[in-house]
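Working notes, beginning with the structure itself.
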Amino acid sequence: MSGHLKNPMMHSAPPSLPRSMLFVSGEKVERFAKAMAAGADLVCIDLEDAVHPARKQQARTDVLGWLKAHRPASGGAGPRVALRINGVRTADGLRDTLALIDSGVELDWLLVPKVENPADLQCLDAWAGASFSASAALLETALGIERAAAIAAAGGRLGALMLGGADLAVDLGAEFGWDGLRSARGRLVNAARAFGLQAWDVPHIDLARPDDLAAETRRVLALGFGCKTAIHPQQIAAIHAAFVPTPAESAWAEALIQALPADAATGAFIFQGRMVDAPVLRKARRIVELSADRPQPPTPRSNPWFKS
């Protein structure tokens, strides 16, 4: 098998990195267009947890058929699309993979659940690499977190690690909340960033508490996560808002950039009584970029996914 694989330390460039990803059940074809028009950067159709075991085959057929009929041209308007298959080491996962290959559908992202071994990702690259631009590995078990660095080093089309919080909490015997998952979040981010990958956080499942979603999103961004996932369209606006710097942050960053001495491109200098070096300057520039980047959600009329 190794003769067919790329150097596992070489990562191909992923598609544009999302701030948000919205899940939609593979059983609910009638919801796909609404999900695609919800304003998320990435929409993931789920063939795993969101599909009853007795309806896996029907969902697989419906999802791939819908994607083949509705997929816009590469680079078109609207969100990117992902597919979460079943685990690679399960019969349904193998069926999902073969069906994807045979369908001719080309995905932006392939989500691979319950990854505990980099070989799972490398095999998918070898078997179905023409069917997706990038993959995201879901770490949902204690062993997956323990092997996070090895998984992050899988190479190929791997572009992100995602925390699978609900299953992980059960496996750890921990609370499915901030304290129970704090250590796992830190380990996942560190492994992802060490290998140049994006880190994606688990959805916030309490739809009745949008303020908690906003606070949690800001906390995971502070840890180093780059994407917050969602289970309902109403969560997307709060997630995107958390990425926008506060007026005070924007004012500080803009003032720092304006105060940058001509000869301080690589050296340190004093600003507002504090030392500024290269990492602080990079942070300021990133804040300015985020302040200027306020994309509008797609509308049904302009979104090519919004078709009957």
May I ask you to say which residue of 158, 168 is touching a residue at least 60 places away in the same chain (Cβ under 8 Å) and either closer than 21 Å to residue 17 by Cβ or surrounded by 19 or more Cβ atoms within 10 Å (Cβ to Cβ) (or both)?
158
Mind checking which helices (runs of 4 or more DSSP H) fall wholly inside region 213-308 and carry at least 1 residues that are at pLDDT below 95, surrounded by 13 or more Cβ atoms within 10 Å (Cβ to Cβ) and over 18 Å from the mean Cα position of the chain (by Cα)?
247-259, 278-292
The condition from (1) assigned to a loop (DSSP other than H, G, I, E, B); (2) within 26 Å of residue 288 (Cβ to Cβ) that residue 208 misses is numbered (2)
With the requirement that a residue be over 17 Å from the mean Cα position of the chain (by Cα) and closer than 15 Å to residue 111 by Cβ, what does region 157-196 give you?
167
Search result, residues across region 88-126 that are polar (S, T, N, Q) and touching a Phe, Trp or Tyr at 6+ places or on another chain (Cβ under 7 Å):
97
Considering each of 248, 262, 208 in turn, give the residue that is of a type in the set (A, V, I, L, M), out of contact with any Lys or Arg (no Cβ under 6 Å at 6 or more places or on another chain) and under 30 Å from residue 136 (Cβ atoms).
208
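The values are calculated or read from the model by the stated rules, or taken from the named source; none is laboratory data. Because the structure is a prediction, the values reported are computed rather than measured. In this analysis, Cβ positions are derived from the backbone assuming ideal geometry, glycine residues included, and neighbour counts consider all displayed protein chains.
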